[in-house]
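Since every read-out is calculated from the coordinates, none of them should be taken as a lab result. This one's a predicted model, so the numbers in the text were calculated from it and none came from an experiment. No Cβ is skipped: glycine too gets one built from the backbone with ideal geometry, and neighbour counts run over all protein chains shown.
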Amino acid sequence: MAMATYATTTTTMVLVVVLSISTIVPAVAMADAGFIATTCSKTHNAKCVAVLTANPDSADVSTVSDLAGAALDLAVAAASDAGALINDRSSRYGGGTPEGDALRACSGAYFDAANDLDIDAHDSLGSGDYAAASRLVSGAGGAADTCDAAFAAAKVSSVMADVDQKMKDRCSVARDLINLLIKLPPTDN
């Protein structure tokens, strides 16, 4: 009889723990989604929530600074992914073709963007120089425009349009979140 009581008590305790965890975990996830939504609403960037919630790491942040860092990481990844894709697509188009020439312009732009984001923007964000970080992210987002312009100048359909849009979206979200960290000077009122 004592063994049956022990088993019942143990089972009940395990059930209570499991139920407690199952109610806490969704609440934490909802709080993180709420933080992201609240913070993104301050940026007025319609793509902010979608960009950040697509990244599981964003759910672990609890400050605007950390969220800006996560967004910056997404922009770095977009630039790096673009570089890899350019290398892959360059093998399909020989040098001297309009597409190949456009991809060469894209390659240079995305290479510079990846370096600016991964090295300089991270350093600026980490040191609290938010204005510099914002400028660097904005400039890096220009890689997509450079790439778009290269295909337009070559008068061929862009094979990078989806990648360019991803870069624009991620850089604009990172820039807008970083801009929330910039302290406005006090007014003389």
Original post:
What's the exposure ranking of L136, L180, going from fewest to most Cβ atoms within 10 Å?
Top reply: L180, L136
Subject >> Whole-number Å³ per residue for the convex hull built on Cα positions in the stretch 39-189 >> reply: 121
Subject >> trypsin sites (Lys or Arg not before Pro) within the stretch 54-121: DSSP coil, no more than 14 neighbouring Cβ in 10 Å >> reply: R92
Original post:
Using a simple charge model, +1 on the beta-carbon of Lys and Arg, -1 on the beta-carbon of Asp and Glu, nothing else, what dipole does the stretch 48-181 show about its Cα centre, in debye to the nearest 20?
Top reply: 440
Original post:
Could you put K166, K155, K47 in order, starting from the residue whose Cβ has the fewest other Cβ atoms within 10 Å?
Top reply: K155, K47, K166
Original post:
If we count other beta carbons within 10 Å of each Cβ, what is the order of Y130, Y110, fewest first?
Top reply: Y130, Y110
**OP:** Taking a cut-off of 21 Å between Cα atoms, list the lysines near K168, but don't count ones fewer than 8 places away on the same chain.
**Re:** K42, K47
Original post:
Can you give the net charge of the other residues whose Cβ lies under 13 Å from the Cβ of A59, counting K and R as +1 and D and E as -1?
Top reply: -4
